[in-house]
Each structure stands twice: as structure tokens, then as C-alpha cells.
Amino acid sequence: MKFIALKTNVKKIVLTAIGLIGGGYAIYKGINKEPSKYSLEWIKGLSDDQWATECEIVQNQFRNPELDTAFRENCHRILGLFDKVKSARDWAGKTPQGPVYHREHGLGLYKPD
């Protein structure tokens with residue numbers, strides 16, 4: 001009877017230790033972690049000059065026909081993130097609106113003079 005109780009106690013201790021180690025590792029990886037490169041958080045942290053440089057690198061990779069399609073599709077997704085950040089910086093809380101031109105054929109139709 002003593003052996004069975006000792007066995008269950010050891011099992012509980014081992015499982016608790018594994019849980020604590022696993023939880024500690026997850027907390028260690030989650031705290032003070034820099035965002036991964038080309039993630040939205042990483043792109044938001046770039047200065048304007050860094051943004052332009054990194055965006056150009058991704059554009060050149062996207063335009064390279066020698067690279068495989070899956071990689072180029074990922075570059076396209078990343079370029080969308082760059083555009084999202086650039087738009088947020090440019091508009092800075094304002095509501096985007098297009099130009100309003102009233103011409104003879106309707107509102108909003110652009111006709112250069």
C-alpha cells in the first residue's frame with residue numbers, strides 16, 4: 001500500500017515539475033521578445049529610411065522571376081504589410097478621402113485641364 005502511494009506522489013511531482021518547466025520556458029520566450037523580421041510589429045518599429053530600404057529589398061525579391069512562387073507570394077503579403085504601415089503613418093488618424101471634382105459628367109470624375 002505504501003509503495004502505491006509513493007508511486008502516485010512521485011508521478012504527481014514529476015508532472016508538476018514538467019508543467020513548471022514548460023510554463024517557465026513559455027514565459028521566457030514570450031517576455032521581452034523582439035518581433036520577428038517582416039512582421040507587422042517589426043515594420044511599425046522602423047524609421048522612414050529603414051522602411052524604404054527594407055521595402056525595396058522585399059520588392060526586389062518579389063520581382064525576381066528566378067525565385068519560387070510560394071516565396072514571391074509571401075513577399076507580396078509582406079508588401080501589403082509595408083503599405084498598411086505607410087498608409088497609417090501618412091494618414092495619421094485622418095479619414096482617407098479621394099479628391100472631389102465636380103465636372104460636367106458627374107462628381108468625382110477627374111478631367112485634367
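What to note about this one:
- Reported count of residues in the stretch 62-75, each being touching a helix residue (DSSP H, G or I) at 6+ places or on another chain (Cβ under 7 Å) and closer than 15 Å to Lys37 by Cα, is 1.
- Of the residues Leu46, Leu20, the single one that is surrounded by 10 or more Cβ atoms within 10 Å (Cβ to Cβ) and not in a helix (DSSP H, G or I) is Leu46.
- Within the stretch 11-45, the set of residues being in contact (Cβ under 8 Å) with a residue 24 or more places away in the chain and among the aliphatic types (A, V, I, L, M) comprises Leu40, Ile43.
- Selection count, the stretch 49-82, where residues are free of Cβ contacts under 8 Å to residues at least 24 places away in the same chain and either under 18 Å from Ala92 (Cα atoms) or part of a helix (DSSP H, G or I) (or both): 21
- Verdict on Ala88 being within 20 Å of Lys37 (Cβ to Cβ), modelled with pLDDT of 95 or more and out of contact with any Pro (no Cβ under 9 Å at 6 or more places or on another chain): no
The values are calculated or read from the model by the stated rules, or taken from the named source; none is laboratory data. Keep in mind that this is a model prediction, so the values were computed, not measured. Quick reminder, even Gly has a Cβ in these numbers, built from the backbone with ideal geometry, and neighbours come from all protein chains shown.
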